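Q: The structure follows.
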Amino acid sequence: MLVLGLETSTAAASVALVDGDGLLGEMFFNTGRHVSRQILSLISLLLKQTGVEFEDLEGIAVALGPGSFTGLRVGVATAKALSHASGKPLAGVPTLDALALNAAGVTGLICPVVVARREEVYTALYRWQEGRLCRLIPYQAVTPASWVGYLASYNEPVYFLGDGVQPFEESWESLKEKAVFLPPENSFPRAAHIARLGRERLSRGERDDIFQLKPLYLRPPAAVYKEL
Amino acid sequence: MSSIILAIETSCDETAAAVVEDGVKVLANIIASQDIHRRYGGVVPEIASRRHLENIGPVVQEALDQARISPAGVDAIAATYGPGLVGSLLVGLSYAKGLAFALKKPFIGVHHLVGHIYAGFLEYPELPLPAVCLVASGGHTSLFYLVSHEERYLLGSTRDDAAGEAFDKVARALGLGYPGGPELEKLARNGDPQAIHFPRAWLEEDSLDFSFSGLKTAVANYLRQRKEAGLEINLSDVAASFQEAVVDVLVGKTLKAALKNMAKSILAVGGVASNRYFRFSLKRSAREAGIPVFIPHPVYCTDNAAMIGCAAYYQYLRGQFSSLDLDAAPGLPLEVL
Ligand SMILES: [Zn+2]
């Protein structure tokens with residue numbers, strides 16, 4: 001199954017093409033350019049370089065967040081439109097699941113952290129078990145201080161990764177030798193993982209309704225916040 | 001051969017899609033309004049963006065269904081790219097570009113104000129040029145000189161509040177709901193427009209610019225003074241007198257621009273052009289001056305996608321297509337059009 005993946009939930013943007021279990025091509029840019037300016041050019045170039053026609057695609061996968069609201073709007077709107085125009089099935093994939101896959105294979109806890117505004121991070125907790133990623137808790141937005149307090153209750157190494165590692169390093173380091181940091185290349189979710197996880201869903205027959213699909217914002221708009 | 005354009009407009013809080021044939025035949029014009037903003041007394045950008053992302057697919061599909069056309073049957077896809085709220089613009093723009101990419105059809109980015117102007121050509125494709133066009137809405141108040149479909153000039157703009165914005169703010173001061181324009185207009189119908197004299201900002205002798213913030217302050221001062229003095233306030237009279245002051249300036253400056261430039265016709269568009277008292281006043285004054293006036297149906301005055309489809313049609317005829325790298329331009333200047 002030939003699936004196109006779109007990832008635009010952080011400052012970086014990437015697109016990838018998977019065919020069955022294999023990765024045919026992937027492009028990643030972390031240049032701070034506006035995602036809406038480059039996303040279709042990236043898809044176009046990816047298809048050209050892999051010799052695949054848009055018509056040949058069998059599905060589209062898109063990162064649902066949590067992450068940058070603007071990035072998610074561009075990615076999800078683009079993916080919905082591609083699916084709407086072509087009738088190809090669409091699968092949304094939580095960004096933190098894809099990010100956690102960057103740490104596949106480690107022994108211990110996997111903790112992706114993505115910067116959120118208001119000095120918080122979007123996060124969840126995973127474990128790599130029997131060749132699969134298992135999520136242990138719901139996706140959430142938390143302050144690093146309260147989050148490390150919770151993580152300290154685990155007696156095993158925590159592998160941190162994501163663009164929320166560096167800005168809040170002091171918090172994570174309070175876990176002392178239990179905190180393990182992955183190299184910076186692993187800081188961003190990759191479209192290859194979005195495409196792979198999306199393909200898994202699509203091949204199970206799960207497709208999202210393009211008229212119902214929403215990003216995982218994890219937070220109400222600020223105006224609603226004030227009301228609560 | 002006819003050309004069918006699918007157009008999308010999401011610059012503020014209306015999710016709109018239309019199918020327009022040859023720039024004049026509206027095969028579908030779907031508008032999903034977001035009533036949720038009423039309770040906040042104004043448009044909340046993050047809420048608007050989220051609603052657009054939920055509405056856009058169904059709205060586009062409804063437009064296609066109503067036009068009885070498949071996505072592959074359209075000749076080009078158009079969308080507003082600015083000015084407007086960035087999050088709102090990005091949803092419609094990304095959707096339109098995605099459709100164009102998948103369908104391998106040309107994409108046309110449209111300036112929101114050019115869209116408003118073309119609401120006029122949608123209904124009156126033969127309106128005599130050169131024309132003077134007033135665009136008056138909640139976000140803009142500008143006068144343009146339209147020479148041809150390729151050539152137009154900005155004659156003047158508001159220096160502070162837009163006319164529609166003044167309506168909304170005064171409506172709020174009078175305790176009316178949001179959006180205030182239509183509510184205030186209703187209230188003004190039972191009032192005396194001459195009851196209170198509010199100031200008109202005509203600015204410098206030859207200026208075609210506008211200013212409405214002084215008027216807004218004058219209304220607020222009037223209300224406060226009456227209240228402090230324990231005097232009764234006739235809200236209908238306040239509404240009517242305020243409306244009279246705004247319309248006076250809008251009509252006066254539009255007429256002045258038309259006479260000064262020897263325009264063959266006058267066009268008025270934008271949400272404020274759906275105000276009945278304004279329509280009546282402009283028509284009356286223009287008739288006296290002997291200049292024909294064109295004001296589109298109210299549904300084409302407020303934000304809609306049919307006007308974007310019409311503007312896109314003239315760009316389509318000129319082969320003026322946009323790159324799929326086109327980004328949203330929230331602060332797109334008026335001079336660019
Ligand atoms: Zn408008």
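No lab work stands behind these numbers, since they all come straight from the coordinates. Note that the coordinates shown come from a computational prediction; the quantities given were computed from them, not determined experimentally. Using ideal geometry, Cβ is built from the backbone for each residue, glycine included, and neighbour counts are taken over all protein chains shown.
Q: Taking the Cα centre of chain B as origin, work out the dipole magnitude from +1 charges on Lys and Arg Cβ and -1 charges on Asp and Glu Cβ, in debye rounded to 20.
A: 380
Q: Tabulate in residue order the Karplus-calculated ³J(HN,Hα) for region B:303-311, using 6.51 cos²θ - 1.76 cosθ + 1.60 with θ = phi - 60°, rounded to whole Hz; enter x for Gly and Pro.
A: Whole-Hz 3J(HN,Hα) from phi for region B:303-311: 4, 7, 9, 4, 5, 5, x, 5, 4.
Q: Let me ask you something else. Can you tell me how much longer the chain between B:Ala72 and B:Lys186 gets when fully stretched, taken as 0.36 nm per residue apart minus their C-alpha distance, in nm with one decimal?
A: 36.6 nm is the gain from fully extending B:Ala72 to B:Lys186.
Q: Check which residues have an amide H placed less than 5 Å from A:Ala179's amide H, if you skip close sequence neighbours.
A: Hits under the 5 Å cutoff: A:Val158.
Q: Here is a follow-up. Just to be sure I follow the rule: in region B:128-295, considering lysines 8 or more places apart or on different chains, how many pairs have Cα atoms under 30 Å apart?
A: Counting lysine pairs in region B:128-295 gives 22.
Q: Using a cut-off of under 17 Å, list every residue of region A:35-75 whose amide N is near the label point 7 Å from the Cα of A:Ser203 along the Cα-to-beta-carbon line.
A: Within reach of a label on A:Ser203: A:57-62.
Q: Given charges of +1 on the Cβ of Lys and Arg and -1 on the Cβ of Asp and Glu, with all other atoms neutral, how large is the dipole of chain A about its Cα centre, in debye to the nearest 20?
A: 500
Q: So, one more: With a Förster radius of 30 Å, plug the Cβ-Cβ distance of B:His197 and B:Glu335 into 1/(1 + (r/R0)^6) and report the FRET value to the nearest 0.05.
A: The value I calculate is 0.25.
Q: Among the chymotrypsin sites (Phe, Trp or Tyr not before Pro) in region A:1-110, which ones are in a DSSP loop with at most 15 other Cβ atoms within 10 Å of the Cβ? Mind listing them?
A: Qualifying residues, ordered by number: none.
Q: Taking the Cα centre of region A:105-186 as origin and charging only Cβ (+1 Lys, Arg; -1 Asp, Glu), how large is the dipole, in debye to the nearest 20?
A: 300
Q: Sorted from fewest to most neighbouring beta carbons within 10 Å, what does the list B:Asp209, B:Asp35, B:Asp65 look like?
A: B:Asp35, B:Asp65, B:Asp209
Q: Just how far, in whole angstrom, is region A:96-116 from region B:118-140 if you go by their alpha carbon centroids?
A: With region B:118-140 and region A:96-116 each reduced to a Cα centre, they are spaced 55 Å.
Q: So between A:Glu170 and A:Thr107, what do we pick up on full extension, going 0.36 nm a residue minus the alpha carbon distance?
A: So the extension gain works out to 20.4 nm.
Q: Using 20 Å bins from zero, what percent of all Cα-Cα pairs in the protein assembly as shown falls into each bin?
A: Going from the shortest bin to the longest, the percentages are 21, 44, 27, 8, 0.
Q: A follow-up question, please. Using 7 Å Cα-to-Cβ label points, what is the B:Arg39/B:Leu235 separation (nm, one decimal)?
A: 2.2
Q: Nearest 500 deg cm²/dmol is fine: what mean residue ellipticity at 222 nm does the protein assembly as shown get from its DSSP H runs of n ≥ 4 alone, each adding -39,500 (n - 2.57), divided by its residue count?
A: Per the formula, -12000 deg cm²/dmol.
Q: Using Cβ counts within 10 Å as a stand-in for footprinting exposure, how do B:His140, B:His149 rank, fewest first?
A: B:His149, B:His140
Q: Return the distance in nm (one decimal) between the two label points of a simple spin-label model at B:Tyr277 and A:Ser44, each offset 7 Å from Cα along Cα→Cβ.
A: With each label point 7 Å from Cα toward Cβ, the separation is 5.1 nm.
Q: Give the relative contact order (percent, whole number) for region A:105-186; include only Cα pairs under 8 Å separated by 6+ residues.
A: Normalised by residue count, the contact order of region A:105-186 is 30 percent.
Q: In addition: Efficiency by 1/(1 + (r/R0)^6): what FRET value for B:Asp248 and B:Val24, r their Cβ-Cβ distance, R0 = 25 Å, to the nearest 0.05?
A: Approximately 0.15, to the nearest 0.05.
Q: Another question about this same structure. Calculate, for A:Gln140 and B:Val147, the FRET efficiency according to 1/(1 + (r/R0)^6) with r their C-beta to C-beta distance and R0 56 Å; round to the nearest 0.05.
A: 0.45
Q: Which loop GluC sites (Glu not before Pro) in region B:145-208, with loop taken from DSSP, have no more than 12 other Cβ atoms within 10 angstrom of their Cβ?
A: Passing sites in region B:145-208 are B:Glu150, B:Glu151, B:Glu204, B:Glu205.
Q: Continuing with this model, one more query. What ranking do B:Trp202, A:Trp147 get, fewest neighbouring Cβ atoms within 10 angstrom at the top?
A: B:Trp202, A:Trp147
Q: Would you mind checking which residues have amide H under 5 Å from B:Gly82's amide H? H placed 1.01 Å from N; only 5 or more apart, or other chain.
A: Amide H neighbours of B:Gly82, under 5 Å, 5+ apart: B:His112, B:Ala329.
Q: Among B:Ala136, B:Met307, B:Leu324, whose Cα sits farthest toward the positive end of the charge dipole of the protein assembly as shown (+1 at Cβ of Lys/Arg, -1 at Cβ of Asp/Glu, about the Cα centre)?
A: Of the listed residues, the answer is B:Ala136.
Q: May I pose another question? How well do other chains shield peptide B:119-129, expressed as the mean number of their Cβ atoms within 10 Å of each residue Cβ?
A: Mean shielding by partner chains, rounded to a whole number: 0.
Q: With a ≥ b ≥ c taken as the square roots of the eigenvalues of the C-alpha gyration tensor of chain A, please select rounded if a/c is under 1.5 and otherwise prolate if a/b is larger than b/c or oblate if it is not?
A: Prolate, because a/c is 1.5 or more and a/b exceeds b/c.
Q: If you don't mind, another one. With unit charges on the beta carbons (Lys and Arg positive, Asp and Glu negative) and the dipole taken about the Cα centre of region B:100-228, which residue among B:Phe210, B:Leu184, B:Tyr145 sits farthest to the positive side?
A: B:Leu184
Q: Per-residue Cβ counts within 10 Å, from other chains only, averaged over B:64-71: what number is that?
A: 1
Q: Among A:Pro138, A:Ser153, A:Gly108, flag the residue with its Cα farthest along the positive direction of the charge dipole of region A:105-186, charges on Cβ as +1 for Lys/Arg and -1 for Asp/Glu.
A: A:Pro138
Q: Please report the spacing between the Cα centers of region B:42-103 and region B:225-285 in Å, no decimals.
A: Measuring centre to centre over Cα atoms gives 34 Å.
Q: Using Cα pairs closer than 8 Å and at least 6 residues apart in sequence, work out the relative contact order for chain B, in percent.
A: About 25 percent, as a whole number.
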